[in-house]
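Written below as structure tokens is the structure these notes are about.
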Amino acid sequence: MAVRTRTIVWASSIAILLLSIGFLGNQVFREGRQGPAGTVASGDEPSGAAFRTLTLYFGDPASGVLAAERRDIIPGADTAEDVAAAVDDLILGPTGDLIPTLPPDARVRHVFVGPGGIVYLDFNGDLLTGLSGGGLSRELLALRSLARTLKSNFDGLERLQILVEGRVIPTLAGHLDVGSPLRLSEWD
Amino acid sequence: VSEAGFVLSLARRVERDLEERLGVTVLLTRDSDRDVSLRARTEAANMVPADLFISLHMDGHASPRVTGPRAVVSRPPLGRPGGVGSPLRDLGFQVWGDAQRGHLNRAYGLADRLVGELSNALGLPSRGVEEWPVPLLDAAVMPAVFLEIDSMTSDGVDGRLRNPDLEARISEAIVTAIDRYRREVP
């Protein structure tokens with residue numbers, strides 16, 4: 001009886017230990033990512049996993065124009081999930097010396113890819129709060145960063161409609177027109 | 001120095017210098033530290049109607065290394081209702097938000113001179129003239145320019161803003177650019 005009890009205790013310990021290792025492994029993997037769920041920093045990926053490399057565009061500190069950084073994501077079930085991962089990574093910001101383009105508190109609420117290559121990005125209100133009071137350059141950098149990232153990574157996407165809390169807004173910070181879908185090629 | 005306060009003081013200086021040097025009448029869309037909607041500003045210019053519309057600003061770039069004057073002229077988005085190819089346009093309507101399209105070339109001519117004169121006067125690199133859809137300018141029925149004198153976040157800007165001659169130099173450059181535009185752009 002005593003032996004059996006010990007076996008059960010051992011078995012429980014092993015199970016707990018294995019679960020702990022599994023949990024820790026998952027934590028290490030998550031903390032190793034530079035992006036949100038589903039993404040990893042390029043070069044940190046475990047071997048053998050099926051990753052997709054995205055090119056994200058942030059600001060170049062010297063020229064103020066766009067410059068590229070790479071990320072690997074675990075592909076989602078469809079284009080909308082991959083777009084969400086890319087935009088989440090833009091919000092998290094660059095890992096190197098480039099300039100962030102989107103406010104850190106902004107969040108993507110929904111992504112919807114419609115017919116005709118139009119993608120709807122629905123942000124929370126912190127997108128507007130974070131850009132308010134900035135100059136035209138900050139607004140422009142945010143839009144160009146989104147447009148070029150979408151255009152260079154997702155074939156078939158041609159236009160972007162930005163929504164905030166589910167609604168079309170006229171501008172992000174009072175300067176540039178986002179009241180209708182943006183042609184990605186015009187903002188590249 | 002706040003962007004709004006600096007620009008308001010500059011606008012008053014430009015108003016005085018333009019009237020004295022070129023004998024033109026200037027209408028300020030904002031003559032005190034109050035907020036005026038974008039639409040009200042454009043409407044004020046259209047109601048006169050003015051010959052030129054210049055929106056004065058200081059930029060706020062995320063990089064402190066970006067400095068110098070830049071101008072933006074407005075390119076309405078393709079496919080906007082009432083734009084090229086629209087039945088409304090064929091019927092002779094001028095659609096709000098698409099008026100600037102017919103003045104874009106002259107707006108470029110003005111913007112190019114403004115940025116060039118400011119770059120020389122301030123000793124800063126020109127950031128050039130860009131085309132983006134700017135709602136403030138889209139509905140203007142005259143050449144319209146969004147002019148950024150410099151970036152409020154650029155390295156060394158505090159020292160430049162404390163220079164007592166700065167406002168006069170900027171105003172002189174703007175007046176010279178408008179004078180050149182009147183003589184050089186048909």
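When the residues of segment B:14-66 are narrowed to those that are surrounded by fewer than 20 Cβ atoms within 10 Å (Cβ to Cβ) and among the hydroxyl-bearing types (Ser, Thr, Tyr), which ends up nearest to the other protein chains (Cβ to nearest Cβ)?
Among those that are surrounded by fewer than 20 Cβ atoms within 10 Å (Cβ to Cβ) and among the hydroxyl-bearing types (Ser, Thr, Tyr), it is B:Ser37.
For B:Glu184, state whether it is within 14 Å of chain A (Cβ to nearest Cβ), surrounded by fewer than 18 Cβ atoms within 10 Å (Cβ to Cβ) and either modelled with pLDDT of 95 or more or within 19 Å of the chain's Cα centre (by Cα) (or both).
Judged against the criteria, B:Glu184 is not a match.
Given the criterion touching a residue at least 12 places away in the same chain (Cβ under 8 Å) and in contact with a Leu (Cβ under 6 Å, 6 or more places away or on another chain), identify the matching residue among A:Gly117, A:Gly125.
Exactly one of A:Gly117, A:Gly125 is touching a residue at least 12 places away in the same chain (Cβ under 8 Å) and in contact with a Leu (Cβ under 6 Å, 6 or more places away or on another chain), namely A:Gly117.
Go over the candidates B:Ser74, B:Ser86 one by one and state the one that is hydroxyl-bearing (Ser, Thr, Tyr) and at pLDDT below 90.
None of the others qualify; the one that does is B:Ser86.
Residues checked against (1) surrounded by 23 or more Cβ atoms within 10 Å (Cβ to Cβ); (2) within 12 Å of chain A (Cβ to nearest Cβ); (3) within 25 Å of B:Glu20 (Cβ to Cβ); (4) free of Cβ contacts under 8 Å to residues at least 24 places away in the same chain:
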| site | (1), (2), (3), (4) |
| --- | --- |
| B:Ala121 | no, no, yes, no |
| B:Ser126 | no, no, no, no |
| B:Glu131 | no, yes, no, no |
| B:Ala140 | yes, no, no, no |
| B:Pro143 | yes, no, yes, no |
| B:Ser151 | yes, yes, no, no |
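Restricting to segment A:175-185, and then to whatever is over 15 Å from A:Leu141 (Cβ atoms) and in contact with a Leu (Cβ under 7 Å, 6 or more places away or on another chain), can you tell me which residue is nearest to the other protein chains (Cβ to nearest Cβ)?
Per the stated criteria, the residue is A:Arg183.
Just the residues that are within 16 Å of A:Asp82 (Cβ to Cβ) and touching a residue at least 60 places away in the same chain (Cβ under 8 Å), please, taken from segment A:149-186.
Those that are within 16 Å of A:Asp82 (Cβ to Cβ) and touching a residue at least 60 places away in the same chain (Cβ under 8 Å): A:Thr149, A:Leu150, A:Ser152, A:Asn153, A:Phe154, A:Gly156, A:Leu157.
Taking segment A:89-102 on its own, how many of its residues are touching a Lys or Arg at 6+ places or on another chain (Cβ under 8 Å) and over 25 Å from A:Leu163 (Cα atoms)?
0
Which residues, counting only those in segment B:8-52, are free of Cβ contacts under 8 Å to residues at least 24 places away in the same chain, closer than 17 Å to B:Ser171 by Cα and of a type in the set (Ser, Thr, Tyr)?
If the condition is that a residue be free of Cβ contacts under 8 Å to residues at least 24 places away in the same chain, closer than 17 Å to B:Ser171 by Cα and of a type in the set (Ser, Thr, Tyr), then B:Thr25 is the only one that fits.
Criterion first (more than 17 Å from the chain's Cα centre (by Cα), more than 19 Å from B:Ile170 (Cα to Cα) and away from every other protein chain (no Cβ under 14 Å)) does B:Val1 satisfy it?
When the stated conditions are applied, B:Val1 does not pass them.
Okay, residues lined up against (1) modelled with pLDDT of 95 or more; (2) out of contact with any Lys or Arg (no Cβ under 8 Å at 6 or more places or on another chain):
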residue: A:Gly64; (1), (2): no, no
residue: A:Glu69; (1), (2): yes, yes
residue: A:Val87; (1), (2): yes, yes
residue: A:Arg107; (1), (2): yes, yes
residue: A:His110; (1), (2): yes, yes
residue: A:Gly117; (1), (2): yes, no
residue: A:Tyr120; (1), (2): yes, yes
residue: A:Ser132; (1), (2): no, yes
residue: A:Ala142; (1), (2): yes, yes
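For A:Leu136, state whether it is surrounded by 16 or more Cβ atoms within 10 Å (Cβ to Cβ), within 14 Å of another protein chain (Cβ to nearest Cβ) and touching a helix residue (DSSP H, G or I) at 6+ places or on another chain (Cβ under 6 Å).
no
The values are calculated or read from the model by the stated rules, or taken from the named source; none is laboratory data. Bear in mind that the values here come from a model prediction, so they are computed numbers and not experimental data. As a convention, Cβ positions derive from the backbone with ideal geometry for all residues, glycine included, and neighbour counts pool all protein chains shown.
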